[in-house]
Each structure stands twice: as C-alpha cells, then as structure tokens.
Amino acid sequence: MLDIIIVIGLLIDVVAALMMYYGKIFRSSQTIEQISKHSEHEIKHRILETQLARLGAILLIVGFVIQIIGYTINIKV
C-alpha cells in the first residue's frame, strides 16, 4: 500500500512540475519578443531562460518517470 502512495505522489510531482513551468516551457519566441520590447539583450535572456526551463522540466519528468518505473517493478516483485 505504501508503494502505491509513493507512485501517486510521484505522478502528482510530474503534473506539478509541468504546471509550475508551463508559462516558460510553452512560451514562443514571438511572445518573448512582444513582451521584451526593451532590448535585444532581454529578448536573448528570456529565450535562454525558456530553453533552460524546457530542459529542466524534461529532466525532472524523466527522473520522476524513472522512479515510478522503479517503484512499479518493486511492487510487482
């Protein structure tokens, strides 16, 4: 029973990670340019920030999925 609770918690973590970074992960370059009319440097910085958020979210989700798979295998054994 404890393993099932852990798996549910990890699934919630995956959803939460996506929700936390949704604005940065799914922000287009056009949107960044529209909200960053101030300087070219700011546009480049926000694009980099968005790319890092996407990569970070992918790594976070992969980590959680690996844990879920590990716990699932452990439950079956």
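Observations on the model:
- Among the trypsin sites (Lys or Arg not before Pro) within segment 1-60, those in coil by DSSP and having at most 10 neighbouring Cβ atoms inside 10 Å are K37.
- Accessible area per residue for the chain, computed on protein heavy atoms with a 1.4 Å probe, is 75 Å².
- Against the chain, whose longest principal axis comes from its Cα atoms, helix 2-25 is set at around 10 degrees.
- Between 0 and 90°, nearest 10: helix 40-76 axis offset from the chain longest Cα axis: 10
- Note on segment 16-59: the alpha carbon radius of gyration divided by the globular reference 2.2 N^0.38 Å gives 1.16.
- Of the chymotrypsin sites (Phe, Trp or Tyr not before Pro) in the chain, the ones in a loop by DSSP (not H, G, I, E or B) with at most 16 other beta carbons within 10 Å are F26.
- Based on C-alpha pairs under 8 angstrom that are at least 6 apart in sequence, the chain has a relative contact order of 48 percent.
- The helix-only estimate of mean residue ellipticity at 222 nm for the chain, built from DSSP H runs of length n ≥ 4 each weighted as -39500 (n - 2.57), is -31000 deg cm²/dmol after division by the residue total.
- Against the empirical curve 2.2 N^0.38 Å, the C-alpha radius of gyration of the chain lands at a ratio of 1.51.
- The simple Förster model, with R0 at 22 Å and r as the Cβ-Cβ distance, assigns I12 and L52 a FRET efficiency of 0.40.
The values are calculated or read from the model by the stated rules, or taken from the named source; none is laboratory data. Keep in mind it's a predicted model, so treat the numbers as computed, not measured. No Cβ is skipped: glycine too gets one built from the backbone with ideal geometry, and neighbour counts run over all protein chains shown. Each accessible area value is taken on the protein alone, full model and side chains, heavy atoms only, with ligands, DNA and RNA left out. Shrake-Rupley method; radii C 1.70, N 1.55, O 1.52, S 1.80 Å.
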